[in-house]
Amino acid sequence: MWISPVGISSVICAKILGVAHLGSVMSQLGLFIFTVCSGIFIYQFTFLQAIYFVFVRKNPFKFWWGLFQAWMTAFATASTAAALPITFRCMEKNRVDPRISKFVLPIGATVNMDGTALFVTVASIFIAQMNNIPLNAGSYATVVLTSTAASIASASVPSAALVLMLIVLQAIDAPVQDVSLLWAIDWFVDRCRTTNNMLGDAYGAAVVAALSKKELQAMDQLNEEIMENEKQISMATKDISEEESLTGLHKSPSATSNGSRVEVAEEIIVENSMDEEDEQLTALNPSLA
């Protein structure tokens with residue numbers, strides 16, 4: 001763990017020293033960072049906002065501002081999974097149903113890696129162009145499809161996309177050793193694309209909540225009816241038990257011929273006879289006869 005920075009730095013330095021035209025490569029890396037960040041932020045502030053406005057019919061930038069704390073957490077940690085608790089809290093503040101957010105966000109943190117797919121696509125084309133490898137329409141389609149499929153398998157940990165790039169570079173016959181050039185800049189680009197992944201999950205949950213609004217209301221109404229019925233049944237049971245206690249009915253078990261036990265109502269009736277009382281008084285006092 002302690003010597004890993006030394007090893008990574010050695011790999012980067014060896015690659016830099018092996019570059020023939022260092023100035024042009026650095027300028028290409030600068031353009032690469034600009035291209036990736038431009039694509040990420042255009043996607044965040046244009047496409048995601050348009051999708052939210054079309055389906056939810058609310059101000060998308062107000063929703064984004066409510067997610068700013070989660071956005072900063074994702075940028076600082078470079079991990080969608082690490083920012084997940086903050087994202088849950090921000091979604092509650094934005095009044096997204098918790099039943100939807102608690103279902104969509106964990107799945108999105110595992111599967112939805114749109115920022116990673118964008119980065120892998122641009123990086124693969126960048127390495128191919130740096131090595132003067134011609135790409136036709138089929139090669140571009142291969143890069144897009146392979147990057148999208150590989151991003152689904154990406155883990156929610158920092159710099160996981162660099163491992164997936166090996167799959168895409170092998171698909172277009174590009175040198176895989178040039179991936180080490182991107183280690184020097186991935187610490188920054190990784191944070192930018194992680195914010196894209198987190199926002200994609202949050203906006204997806206908001207769209208699902210908007211499309212499921214009627215179903216959620218019907219579910220809430222059904223739950224209220226069930227609770228009301230249970231309340232009425234409990235009140236009726238309570239009234240019946242009170243009536244039984246007032247009438248003096250007691251239930252005692254009785255055995256039948258087949259050995260089963262049933263409960264029968266047992267009622268005790270006490271009657272006082274006037275004739276018996278007169279006879280007792282005459283026996284005690286004969287003068288009254």
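The values are calculated or read from the model by the stated rules, or taken from the named source; none is laboratory data. Please read all numbers here as calculations on a predicted model, not as lab measurements. All Cβ positions, glycine included, derive from the backbone under ideal geometry; neighbour counts span all protein chains shown. Protein only, heavy atoms only, side chains kept; ligands, DNA and RNA dropped before computing areas. Shrake-Rupley method; radii C 1.70, N 1.55, O 1.52, S 1.80 Å.
Ordered from highest to lowest accessible area with the whole protein assembly present and a 1.4 Å probe, ASP201, ASP173 read as ASP173, ASP201. Taking 19 Å as the limit for the C-alpha separation, the pairs LYS62/LYS102; LYS58/LYS214; LYS93/LYS214 exceed it in the case of LYS62/LYS102; LYS93/LYS214. Taking 7 Å steps out from each Cα toward its Cβ at ILE3 and ASN131 produces label points 3.0 nm apart. Here is the size of segment 60-173 from its Cα atoms: Rg then Dmax, 16.9, 51 Å. The relative contact order of segment 1-158 comes to 23 percent, based on Cα pairs under 8 Å that sit 6 or more residues apart.
For the pair segment 110-152 and segment 170-198, the centres of their Cα atoms are 11 angstrom apart. Under 13 Å from a label point 7 Å along Cα→Cβ of ARG89: give me every residue in segment 53-73 with its amide N that close. What the label zone holds, given the 13 Å backbone N cut-off, is 67-73. Using the 1.4 Å probe convention, the accessible area of segment 99-255 works out to 54 Å² per residue with neighbouring protein chains retained. The share of accessible area on segment 37-131 that comes from carbon and sulfur is 69 percent, using a 1.4 angstrom probe.
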